[in-house]
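The numbers here are math on the coordinates, done by the rules we state, and not lab data. Small disclaimer: the values here were computed from a predicted structure and weren't measured. Positions of Cβ are generated from backbone atoms using ideal geometry, with glycine treated the same way; all protein chains shown enter the neighbour counts.
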C-alpha cells in the first residue's frame with residue numbers, strides 16, 4: 001500500500017537516511033525500532049513530506065507522492081501522530097478534534113458523529129472536552145493526538161514514539177488503543193518505538209534501523225527471538 | 001468575585017450600547033465625526049485581528065488597503081458615475097485582490113521582513129495615489145456623493161453615524177462568526193503550532209492567504225465607507241503612521257482579543273483629540289501615553305487591568321484568590 005523505495009535524506013550536509021526501503025501492506029502493523037538518532041523519525045518525516053528526500057521514490061497505492069506537500073499527503077489518507085504529541089495547547093479538546101477533520105469535507109453532523117466515536121474510544125477525553133489541551137496530562141494528550149489523527153479517517157496512521165514519557169500503565173493503554181485501531185477500524189499502523197519489546201510484540205513485521213540504514217527486517221516474532229536483537233535492543 | 005465576572009461578561013454589549021447612544025451626548029459635529037472614524041477604525045482593526053492578532057504576522061500596510069478601498073469607491077462614483085452601493089462590488093473585488101497579492105509574499109517573507117515589505121507596499125500605494133493624474137494627485141478627490149436609500153441621503157453627521165454603526169455591528173457579527181469557526185482556530189494554530197497544522201492536513205499557505213484576504217476585505221469596506229462619509233479624500237491620510245496606529249489599536253485592546261479591537265480603536269481615535277487643548281506638545285504626550293499603555297498593559301488594557309485588580313485583592317485577602325489569577 002505504502003512503499004518507500006531507496007530514499008536518501010539529508011539535513012544540510014548530514015546524511016540522515018541512506019537508501020532506505022520500507023513497505024506497509026494493507027491491514028498490518030509495522031514497527032520501526034532503533035536507537036536514538038538511527039533515523040526513525042526522519043523516515044516518518046520523509047514520508048510525510050515534512051523533510052524532502054534527495055533521491056528515491058515514495059509511492060502510495062501506486063501513486064508517486066514524494067513531491068506532495070504535507071497537507072496533500074494527509075489528504076491522500078496518511079496521518080502522522082508526531083513525537084511529543086504536538087496538540088494545540090490553547091484550544092479545547094473538542095476544537096483539537098475538529099481541527100483534525102479540517103481537511104475533509106465533512107458536514108457539521110458528520111464531524112459531530114466522528115467526535116462522538118472518538119469520545120467512545122477515549123472516554124477520558126469526553127470528560128475533558130471543554131478543557132484546553134495544554135492542561136491535559138501526558139497520556140491524555142497522547143490520546144488526543146491519536147484521536148485528532150483519526151478524525152480525518154486515514155487509511156494509514158503512523159505513530160512516532162507514542163510511549164515517550166508516559167507511565168507504564170498509560171503505555172499499556174496506548175498500545176491497547178493502537179491494536180484496537182488496527183483490528184477494529186481496519187487502519188494500517190506504522191509504529192516507531194524505542195520500547196523495542198512492546199513494538200515487537202504488538203506488530204506483524206518490523207524494521208530495525210541503525211545509522212540511517214535498515215539493518216534488519218522481518219516478521220516480528222522471528223526478530224523477537226533473534227540473538228543480535230535480543231542483546232542490542234531487548235537487553236536479554 | 002462572581003458578580004464582577006458577570007459584569008465583565010456583559011461588557012461587550014454595554015460597549016456597543018454606549019456606542020449606539022453616544023451621539024445623544026456628543027452633539028458637536030466635530031466629535032461625531034471622530035466617532036464615525038473610530039467605528040471605521042474598529043472595522044479595520046477587527047479585520048487586522050485575523051492577521052496580526054490571531055496568526056501573529058506583523059503587517060504594516062493596512063492604511064494602503066484602507067486607502068485603496070476609499071479610492072476604488074470614490075473613483076467608481078466620480079469617474080464612472082456608479083451608485084455608491086454598486087461601487088461596493090469593485091471595492092470587495094479590490095479587497096480580494098489585495099489579500100491574495102499580499103498573502104503570497106507573506107509565505108516567503110517572515111517576521112520583521114514582512115513588516116518592512118508591507119511598509120514598502122504602503123509607501124508605493126501612497127506615492128502612486130499622490131502622483132497619478134487620474135486619482136487627483138495630491139489634492140485627492142472631492143465631491144464624493146453620500147450613500148442614499150431612495151431619497152434619504154446619509155449626508156449629515158448623525159445619519160452617517162448610524163449608517164456606520166450598522167456597518168460596524170454587521171462586521172462585528174461576521175468577525176465573531178469567523179473567529180469562532182474552523183478558520184479562526186486555524187489562524188490561531190498558524191501562530192501557535194504550524195507543524196501540527198500541516199500534520200492535520202491543513203495547507204498553511206492557504207490559511208495565511210485567507211487571513212490576509214478577510215482582513216483586506218474588512219479594510220476596503222471601511223475605506224469606502226470613509227470616502228462617502230467624509231466626501232473628500234486625499235492621499236495624505238493613508239500614511240504608514242496610520243498603518244502603525246491600526247496595529248497600536250490591536251495592542252491596546254490586547255493582541256487577539258476580539259472586543260479589544262473596538263475599544264482600542266476608540267482610544268487611538270479619541271486620545272489625540274482630547275489632548276489637543278494642551279497645545280503644541282500634544283503629540284508628545286500622546287506618544288508617551290501610548291508607550292505607557294504598551295509597557296504596563298502589554299496584554300491589553302482590560303485584560304491587564306483585571307490582572308492588576310486580582311493582584312491587589314490577593315495582596316489584601318491573602319492567598320485566597322491566588323488561583324484566580326491563573327485561569328485568566
Rounded to the nearest 0.05, what FRET efficiency is calculated for residue A:23 and residue A:104 with R0 set to 41 Å and r the Cβ-Cβ distance? 0.95
Hey, for a label at residue A:137 modelled as a point 7 Å past Cα toward Cβ, could you say which residues of region A:158-191 have their backbone N under 13 Å away? A:166-174
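Based only on other Cβ atoms within 10 Å, what is the fewest-to-most ordering of A:231, B:210? Mind dumping the intermediate values first?
Details: A:231 10, B:210 20.
Fewest-to-most Cβ neighbours within 10 Å comes out as A:231, B:210.
Order by neighbour count: A:129, B:142, fewest other Cβ atoms within 10 Å first, most last.
Working: A:129 15, B:142 12.
Ranking A:129, B:142 by Cβ neighbours within 10 Å, fewest first, gives B:142, A:129.
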What share of Cα pairs, in percent, lie more than 31 angstrom apart in chain A? 20 percent
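Under the definition of partner shielding as Cβ atoms of other protein chains within 10 Å of a residue Cβ, what is the mean value for peptide A:77-83? Can you show the working numbers first?
Working: counts 1, 1, 3, 4, 1, 3, 0.
Partner-chain Cβ atoms within 10 Å, mean over residues of A:77-83: 2.
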Please work out the Kirkwood hydrodynamic radius for region B:2-317, using every pair of different C-alpha atoms, and report it in angstroms with one decimal place. 20.3 Å
Looking at region A:184-236, I'd like the Rg to Rh ratio, where Rg is from alpha-carbon atoms and Rh is Kirkwood's inverse mean 1/r. 0.98
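On full extension of the chain, what length is gained from residue B:292 through residue B:169, given 0.36 nm per residue of separation minus the C-alpha to C-alpha distance? Don't skip to the answer; put the middle values down first.
Details: separation 123, 0.36 × 123 = 44.28 nm, distance 3.05 nm.
Fully extending the segment from residue B:292 to residue B:169 adds 41.2 nm.
Which whole number gives the average count of other chain Cβ atoms within 10 Å of the Cβ atoms across peptide A:85-97?
Values: counts 1, 6, 2, 9, 3, 7, 5, 1, 0, 0, 6, 4, 0.
Average per residue, whole number: 3.
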How high is the FRET efficiency between residue B:93 and residue B:127 when r is their beta carbon distance and R₀ equals 25 Å, given to the nearest 0.05? 0.60
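On average, how many beta carbons from a partner chain sit within 10 Å of the beta carbon of a residue in B:199-211? Before the final figure, lay out the partial values.
Working: counts 15, 18, 21, 8, 8, 3, 2, 1, 2, 0, 0, 0, 0.
Per-residue shielding by partner chains comes out at 6.
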Efficiency of FRET between residue A:219 and residue B:107 - r from beta-carbon atoms, R0 41 angstrom, step 0.05: 0.35
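Per DSSP helix of 4 or more residues, -39500 (n - 2.57); summed, then divided by the residues of chain A. What does that give at 222 nm, rounded to the nearest 500? Display every interim value, and only then the final one.
Details: 9 runs with 84 residues, N = 236.
That calculation yields -10000 deg cm²/dmol at 222 nm.
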What shape does the protein assembly as shown have by the C-alpha gyration tensor, where a ≥ b ≥ c are the square roots of the eigenvalues, rounded means a/c under 1.5, and otherwise prolate means a/b greater than b/c and oblate the rest? prolate
Is it possible to state the helix-based mean residue ellipticity at 222 nm for chain B, with each DSSP H run of 4+ residues giving -39500 (n - 2.57), the sum divided by total residues, to the nearest 500 deg cm²/dmol? What is it? -23500 deg cm²/dmol
Full extension from residue B:151 to residue B:25: what is 0.36 nm times the residue separation minus their Cα-Cα distance, to one decimal in nm? 42.6 nm
